[in-house]
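The structure under discussion appears below in the form of structure tokens.
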Amino acid sequence: MLSAQGFENQLDQYEILSTLSSTSSNPVSLAVHRTIGIKVAIKSVKTKDYVRLTMENGVSEAGAMGKFQKNNNTAYLIEEFSHGKLTYIVTKFVKTGDLLCYLEGLGVDRLSESDARQLFKQIVTGVAEYHSAGIVHRDIKHLNILISIKSGKPIPKITDFGMAARLSKDQMITKVAGTISFMAPEIVMDEPSDFKADVWSLGVMLYALICSGVPFSGVDRRATGDLIVNKDLSFEKPVWKSVSPSCKDLIAHMLDKDQVTRLTAQEVLAHPWFSQNQ
């Protein structure tokens, strides 16, 4: 936690520079610490909603994120505090932005299989650690993967643990959470889900990294949900002709509509695709 000494409250130690995201009910602002000069991202949440979600999910957003600060693939939490009717979650600012911004910066809408493998393995490694510690993220998607550049290489930083929940090994959760295009069938159908809902979302992400589009997309939320539940996975687009059978096999097992037989995050990491050289 940064010292707020000399300021009337913790919020006053930051100068708000701009809005990073205003697409949700929990806006994120770019700010700079008035004393130290470091740039940060500040997410604001209504305290009553923050407390309610913490009670429902068994862990707070900052508590879930803070648990994995030694994980190189997790956004760096600086502090959490409340002021007035809002709770603020302050994280280290990542200049490159999210995964979509990273792709846009490269001038592409998808990655080569080799580049996707290197990036995706880091993301799955982070999620597998969460699962091992009893935390399910529940909103894995491009917008919640920040990209830091180190020595010219992308380092993914998973962020936004607002929907994260604490689960025991055999525990299920019933509340719907996530973004429809990345949502597992069991969540769409309002059935109990567990850690494997994250694996489905990861499968959607890998599919999109390879071919630039999600596997199931309808004209609206309801139509998309219907496709997720009922439509078979397809690799018919021309781009898939140059993708290895191993990659498609991994995606198919991650996008298994039956969560019982769907891979775990650890099983994803053990898949032969990650051992390929090209």
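Quick one: which of 242, 201, 234, 246 is under 18 Å from residue 109 (Cβ atoms) and either without any contact (Cβ under 8 Å) to a residue 12 or more places away in the chain or of a type in the set (Ser, Thr, Tyr) (or both)? Explain how you work it out, then say what you get.
Numbers: 201 fails: under 18 Å from residue 109 (Cβ atoms); 234 fails: under 18 Å from residue 109 (Cβ atoms); 246 fails: under 18 Å from residue 109 (Cβ atoms).
Going through 242, 201, 234, 246 in turn, the sole match is 242.
Considering only residues that are in contact (Cβ under 8 Å) with a residue 40 or more places away in the chain and assigned to a loop (DSSP other than H, G, I, E, B), which ones fall in region 177-198?
If we filter region 177-198 for residues that are in contact (Cβ under 8 Å) with a residue 40 or more places away in the chain, which is where we start, we get 178-186, 188-189, 193-198.
Answer for region 177-198, where residues must be in contact (Cβ under 8 Å) with a residue 40 or more places away in the chain and assigned to a loop (DSSP other than H, G, I, E, B): 178, 179, 183, 184, 189, 194, 195.
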| query | Can you tell me which residue in region 145-170 is nearest to residue 21 (Cα to Cα), limited to those that are hydroxyl-bearing (Ser, Thr, Tyr) and out of contact with any helix residue (DSSP H, G or I) (no Cβ under 9 Å at 6 or more places or on another chain)? | reply | 148
| Within region 125-166, which residues are of a type in the set (Val, Ile, Thr) and either touching a strand residue (DSSP E or B) at 6+ places or on another chain (Cβ under 9 Å) or buried (at least 23 other Cβ atoms within 10 Å of the Cβ) (or both)? | 127, 135, 136, 140, 145, 147, 149, 155, 158, 159
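Rundown of residues vs (1) modelled with pLDDT under 95; (2) in contact with a strand residue (DSSP E or B) (Cβ under 7 Å, 6 or more places away or on another chain); (3) in a helix (DSSP H, G or I), yes/no style:
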position	(1), (2), (3)
215	no, no, no
223	no, no, yes
232	no, no, no
236	yes, no, no
247	no, no, yes
250	no, no, yes
| message | Which of the numbered conditions does residue 228 fail, given that it passes all the others? Conditions: (1) in a helix (DSSP H, G or I); (2) out of contact with any Pro (no Cβ under 6 Å at 6 or more places or on another chain); (3) buried (at least 22 other Cβ atoms within 10 Å of the Cβ). | response | (2)
| task | Please state which one of 188, 239, 199 is aliphatic (A, V, I, L, M) and under 19 Å from residue 129 (Cβ atoms). | result | 199
| query | For region 55-84, what are the residues that are exposed (fewer than 15 other Cβ atoms within 10 Å of the Cβ) and among the basic types (Lys, Arg)? | reply | 70
| task | Looking only at region 115-130, decide whether some residue is assigned by TED's automatic domain parsing to the domain that holds residue 180, farther than 19 Å from residue 251 by Cα and touching a residue at least 40 places away in the same chain (Cβ under 8 Å). | result | yes
| message | On the basis of being surrounded by fewer than 21 Cβ atoms within 10 Å (Cβ to Cβ), without any contact (Cβ under 8 Å) to a residue 60 or more places away in the chain and either within 23 Å of residue 266 (Cβ to Cβ) or of a type in the set (Gly, Ala, Ser) (or both), does residue 97 make the cut? | response | yes
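Quick test for you: out of 82, 112, pick the one residue that is over 25 Å from residue 268 (Cα atoms) and among the polar types (S, T, N, Q).
One residue alone meets the criteria, 82.
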| request: Give just the number: which of (1) over 20 Å from the mean Cα position of the chain (by Cα); (2) surrounded by fewer than 17 Cβ atoms within 10 Å (Cβ to Cβ) does residue 87 not satisfy? | output: (2)
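The values are calculated or read from the model by the stated rules, or taken from the named source; none is laboratory data. Small disclaimer: the values here were computed from a predicted structure and weren't measured. Note that we place each Cβ from the backbone using ideal geometry, even for glycine, and neighbour counts take in every protein chain shown.
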